[in-house]
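Read the structure below first, then the notes.
Just so you know, all these numbers are worked out from the coordinates, no wet-lab data involved. This one's a predicted model, so the numbers in the text were calculated from it and none came from an experiment.
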Amino acid sequence: MWRGRVGALLRVWGFWPTGVPRRRLLSCDAASQAESNSPHCWNCGGPWGPGREDRFFCPQCRALQAPDPTRDYFSLMDCNRSFRVDTAKLQHRYQQLQRLVHPDFFSQRSQTEKDFSEKHSTLVNDAYKTLLAPLSRGLYLVS
């Protein structure tokens, strides 16, 4: 009960110990901020952006971030943007991503990370199903 208030007072008064990472408390605004294209982590406030190599986790606190709405299925699945797709590579990438973002691995995390995990997992499933079938892959390329 007092931990959040004491931490906030310590930060305001300048008594926060050096070397201790400062974690922002999750508020009502944190989930809405995570939905926007903010270049900062929703959990720790550290710099993070969709242009970084690891687009799923914050580099400072390793919290799962919101899915990037501008990312297409080919870049998500690490495939060339063409009709010909290596299905073995696609399946390997699908399994790799599901090991990273599947909701079962986030059962002990915050509700925000659980929600982001569900969104990421749904996005990965949709990308895999779309790129695996030739007809849906062609329609996705045309659109």
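Using a cutoff of 8 angstrom between alpha carbon atoms and counting only pairs six or more residues apart, the relative contact order for region 73-142 works out to 40 percent.
Taking a straight line from the alpha carbon of residue 89, these lysines sit under 17 Å away, with near neighbours fewer than eight places off in the same chain left out: 129.
Judged by the gyration tensor of its Cα atoms, with axes a ≥ b ≥ c, region 73-142 is prolate; a/c meets the 1.5 cut and a/b is the larger of a/b and b/c. On full extension, the segment bounded by residue 61 and residue 40 gains 6.4 nm, given 0.36 nm per residue less the C-alpha separation.
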